[in-house]
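Note sheet for the following structure.
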Amino acid sequence: MTTLLFSAMHSVLSAPPPLERGVAFVGNIAAAVPEALAVVDWEETIRDYWGNVGISEKNLRTREAVAEDRAQQQQQKAIAGAAEVGPPLAQSAKLLSETPVGGASDALSMILGNQ
């Protein structure tokens, strides 16, 4: 009986905390279904974990600082995306302006209604 009780206590004490088990579960699922990663709020999960293991939140960046960084990253992506789209659009407009469609009109003028 003592061995059984010791074994049960050892299993409970050595089991990872629920948060760690949940993260491991999502990680395993994500190997087959990557979209599963989108279900977890990773920032809050990290903050909860740090609190659960007794690490002070002052070691983490503030929510506001993280949100500000994310906003800056999104803005940089938007600028980079616009920079990628700009040259092909300019080239297309140039080609349309050089494409005659009869008379003194070109394809760009026709599209824009400036015949």
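Coordinate-derived values only; no laboratory data. This is a predicted model, so every value here is computed, not measured. Positions of Cβ are generated from backbone atoms using ideal geometry, with glycine treated the same way; all protein chains shown enter the neighbour counts.
Return the residue satisfying two criteria in turn: it lies in region 47-56 and is surrounded by 11 or more Cβ atoms within 10 Å (Cβ to Cβ) and free of Cβ contacts under 8 Å to residues at least 24 places away in the same chain, and of such residues it is farthest from LEU19 (Cα to Cα). So the residue we want is ILE55.
A search for C-beta distances below 8 Å between a residue of region 23-37 that is farther than 18 Å from ASP48 by Cβ and any residue that is part of a helix (DSSP H, G or I) and among the β-branched types (Val, Ile, Thr), counting only pairs 6+ apart in sequence or on different chains, returns ALA36/VAL26; ALA36/ILE29.
Of all the numbered requirements in (1) within 20 Å of the chain's Cα centre (by Cα); (2) under 21 Å from GLY22 (Cβ atoms); (3) charged (D, E, K, R); (4) surrounded by 10 or more Cβ atoms within 10 Å (Cβ to Cβ), ARG61 misses one, and that requirement is (2).
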